[in-house]
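**Student:** One structure is given below, represented as structure tokens, and several questions about it will come after.
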Amino acid sequence: MTADINNYVRYQFNGFGMGLERTEVELPKPIGTEVLVRVNFCGVCHSDVHIYEGYYGLGEGKKLSLEDRGIKLPVTLGHEIVGTIESAGEQVDGISLGKQVLVYPWIGCGECSVCQRGEENICTKPAALGVFKPGGYSQYVLVPHPRYLMDLGALNPSHASLLACSGLTTFAAIKKVGEVHDDEAVVVIGCGGLGLLAIRTLALLGIKNIIGVDLSEQKRELAKKVGATSIFDPSKENVTELIAQAANANCAAVLDFVGADSTVAMGLNLPRKGGKLIIVGLHGGELRYPIPFIITKAISIIGSYTGSLNDLKELIEFANTHDLINLPIQVRPLTEANDALHQLANGQVEGRLVLENL
């Protein structure tokens with residue numbers, strides 16, 4: 001599938017939940033600091049499902065509308081992008097046309113104090129690719145500045161695409177855990193794509209006791225393969241007590257990649273005194289917990305949203321020196337973007353899905 005000289009194809013939705021449509025649009029010409037990247041690979045992320053559905057669940061039937069948060073239709077999803085530099089604006093120097101790069105998608109306004117600290121991913125005026133700006137379910141993507149283009153090193157490009165969100169989100173969350181001693185445990189709730197990457201990263205960092213929790217037997221077994229020392233089904237009786245025993249009552253942190261009422265409730269009951277609950281998943285719900293327990297246990301409840309540009313640079317270096325991505329990855333053509341998204345939404349994906357622009 002190739003674009004003609006003036007147009008290209010992208011897969012967008014014109015109404016939340018209404019299906020992706022093959023759409024031909026005019027090929028943009030980069031100006032100023034902009035860089036036009038031909039998409040080679042784009043990961044299909046669970047965040048794409050939430051954006052496609054158009055809301056986050058807040059519990060008790062309440063919803064947070066993503067359109068009210070500034071996401072405007074039509075939307076071209078895809079924020080895990082590896083592509084080839086096609087052309088650049090007149091203010092861009094020092095890049096190589098034809099070079100394959102990983103795109104950092106979590107772009108902010110670039111001007112506020114948060115952006116100036118290098119935390120564009122939590123800017124209150126976001127311009128993230130695949131969310132607020134057209135993303136990688138497309139033949140081309142327009143990147144506002146070359147600083148968002150990362151050298152892959154020796155990484156497999158189809159695998160490297162996952163680093164821009166799945167890898168980055170898990171890496172940034174793990175950095176919030178802090179130092180973990182050999183007698184301490186880390187619990188990972190949710191062993192889908194992000195949870196598996198988290199377990200793999202923790203194992204490569206030398207964490208001795210990693211506990212995986214998931215409803216799916218298949219995902220629990222995958223968790224064992226990538227580095228979990230023990231696994232649990234959260235639907236079983238007394239599972240919180242069993243996990244605490246496996247952690248030797250010394251759980252330093254819980255990483256929740258589901259983010260539902262039930263998983264957060266479990267996660268709050270596992271950390272030792274001074275431990276942390278780091279919530280990453282966006283399944284949705286409501287948090288209710290006795291305030292005195294937070295103080296007397298000195299626990300920290302931390303929300304973690306993607307990661308910074310510097311985090312991604314660190315992660316790429318880490319991935320180039322470790323065998324990080326060893327989970328199942330299925331590559332499908334970009335023309336199957338709609339089916340791939342629905343397959344992920346229906347929980348039918350083992351590991352991760354990546355779209356390839358052939």
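**Student:** Given the residues V92, V131, which is the only one that is farther than 29 Å from F16 by Cα and modelled with pLDDT of 95 or more? Outline the logic, then answer.
**Tutor:** On the way: V131 fails: farther than 29 Å from F16 by Cα.
Going through V92, V131 in turn, just one is farther than 29 Å from F16 by Cα and modelled with pLDDT of 95 or more: V92.
**Student:** Listed residues G192, G274; which is on the phi > 0 side of the Ramachandran plot and open to solvent by 10 Å² or more (accessible area, probe 1.4 Å)?
**Tutor:** Numbers: G192 fails: on the phi > 0 side of the Ramachandran plot.
Matching residue, one of G192, G274: G274.
**Student:** Right, something else. Just need a number here: residues in segment 323-338 that are assigned to a loop (DSSP other than H, G, I, E, B) and of a type in the set (V, I, T).
**Tutor:** 1
**Student:** For segment 131-153, indicate whether the set of residues that are among the acidic types (D, E) and over 15 Å from N40 (Cα atoms) is non-empty.
**Tutor:** Quick first cut of segment 131-153, residues among the acidic types (D, E) only: 151.
Narrowing the set further to residues that are over 15 Å from N40 (Cα atoms) leaves none.
Within segment 131-153, not a single residue is among the acidic types (D, E) and over 15 Å from N40 (Cα atoms).
**Student:** Turning to a different aspect of this structure: Quick test for you: out of A345, A319, pick the one residue that is open to solvent by 40 Å² or more (accessible area, probe 1.4 Å) and touching a helix residue (DSSP H, G or I) at 6+ places or on another chain (Cβ under 7 Å). Break it down stepwise before answering.
**Tutor:** Numbers: A319 fails: open to solvent by 40 Å² or more (accessible area, probe 1.4 Å).
Exactly one residue qualifies, and that residue is A345.
**Student:** Sort through L312, L341 and tell me the only one that's closer than 20 Å to N121 by Cα and assigned to a helix (DSSP H, G or I). Before you say what the answer is, go through the steps one by one.
**Tutor:** Working: L341 fails: closer than 20 Å to N121 by Cα.
Only one candidate qualifies: L312.
Every residue, every condition in (1) hydroxyl-bearing (S, T, Y); (2) crowded, with 21+ Cβ neighbours inside 10 Å; (3) closer than 12 Å to I278 by Cα; (4) in contact with a strand residue (DSSP E or B) (Cβ under 7 Å, 6 or more places away or on another chain), yes or no:
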{"site": "T169", "(1), (2), (3), (4)": "yes, yes, yes, no"}
{"site": "E179", "(1), (2), (3), (4)": "no, no, no, no"}
{"site": "L197", "(1), (2), (3), (4)": "no, yes, no, no"}
{"site": "L215", "(1), (2), (3), (4)": "no, no, no, no"}
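**Student:** Hey, does segment 142-160 have a residue that's at pLDDT 95 or above and under 21 Å from L66 (Cβ atoms)?
**Tutor:** Checking segment 142-160: not a single residue is at pLDDT 95 or above and under 21 Å from L66 (Cβ atoms).
**Student:** Oh, and also: Being under 23 Å from R200 (Cβ atoms) and open to solvent by 10 Å² or more (accessible area, probe 1.4 Å) narrows it down to one of D261, D233, so name that one.
**Tutor:** On the way: D261 fails: under 23 Å from R200 (Cβ atoms).
Sole residue among the options that is under 23 Å from R200 (Cβ atoms) and open to solvent by 10 Å² or more (accessible area, probe 1.4 Å): D233.
**Student:** Name the pairs: first residue in segment 321-332 and within 12 Å of L162 (Cβ to Cβ), second residue modelled with pLDDT of 90 or more and β-branched (V, I, T), Cβ to Cβ under 7 Å, at least 6 apart or on different chains?
**Tutor:** Qualifying pairs under 7 Å: L324/T201; N326/V226; L327/V226; I329/V354; V331/V354.
**Student:** What is the one condition in (1) surrounded by 13 or more Cβ atoms within 10 Å (Cβ to Cβ); (2) farther than 27 Å from E350 by Cβ; (3) aliphatic (A, V, I, L, M); (4) touching a residue at least 24 places away in the same chain (Cβ under 8 Å) that V39 does not satisfy?
**Tutor:** Answer for V39: the failing condition is (2).
**Student:** Go through segment 129-151 and give me each residue that's surrounded by 24 or more Cβ atoms within 10 Å (Cβ to Cβ) and of a type in the set (A, V, I, L, M, F, W, C).
**Tutor:** Result: L129, V131, V141, V143.
**Student:** Of all residues in segment 283-307 being small (G, A, S), modelled with pLDDT of 95 or more and open to solvent by less than 50 Å² (accessible area, probe 1.4 Å), which is farthest from L270 (Cα to Cα)?
**Tutor:** G307
Residue-by-condition table, conditions (1) modelled with pLDDT under 95; (2) touching a helix residue (DSSP H, G or I) at 6+ places or on another chain (Cβ under 8 Å); (3) open to solvent by less than 40 Å² (accessible area, probe 1.4 Å):
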| position | (1), (2), (3) |
| --- | --- |
| L20 | no, yes, yes |
| T23 | no, no, yes |
| I31 | no, no, no |
| C45 | yes, yes, yes |
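**Student:** Filter segment 227-255 down to the residues that are hydrophobic (A, V, I, L, M, F, W, C) and under 17 Å from L196 (Cα atoms) and list them by number.
**Tutor:** Step one: filter segment 227-255 for residues hydrophobic (A, V, I, L, M, F, W, C), giving 228, 231-232, 239, 242-244, 246-247, 249, 251-255.
Scanning segment 227-255 gives A228, I231, F232, A253, V254, L255.
**Student:** Go through segment 73-118 and give me each residue that's buried (at least 19 other Cβ atoms within 10 Å of the Cβ), in contact (Cβ under 8 Å) with a residue 60 or more places away in the chain and assigned to a loop (DSSP other than H, G, I, E, B).
**Tutor:** Within segment 73-118, T76, L77, G78, H79, Y104, P105, W106 meet the criteria.
**Student:** Hey, among the residues in segment 308-334 that are in contact with a Lys or Arg (Cβ under 8 Å, 6 or more places away or on another chain) and at pLDDT below 95, which one's nearest to L205 (Cα to Cα)?
**Tutor:** Among residues in segment 308-334 that are in contact with a Lys or Arg (Cβ under 8 Å, 6 or more places away or on another chain) and at pLDDT below 95, the one nearest to L205 (Cα to Cα) is L324.
**Student:** Taking the condition of being assigned to a strand (DSSP E or B) and not charged (D, E, K, R), how many residues in segment 147-170 meet it? Steps first, answer last, please.
**Tutor:** Going residue by residue through segment 147-170, those that are assigned to a strand (DSSP E or B) are 149-151.
Still in the running and not charged (D, E, K, R): 149-150.
Summing the residues that are assigned to a strand (DSSP E or B) and not charged (D, E, K, R) in segment 147-170 gives 2.
The values are calculated or read from the model by the stated rules, or taken from the named source; none is laboratory data. In this text, all values refer to a predicted model and were calculated from it rather than measured experimentally. Using ideal geometry, Cβ is built from the backbone for each residue, glycine included, and neighbour counts are taken over all protein chains shown. Accessible surface areas use protein heavy atoms only, side chains included; no ligands, DNA or RNA. Shrake-Rupley method; radii C 1.70, N 1.55, O 1.52, S 1.80 Å.
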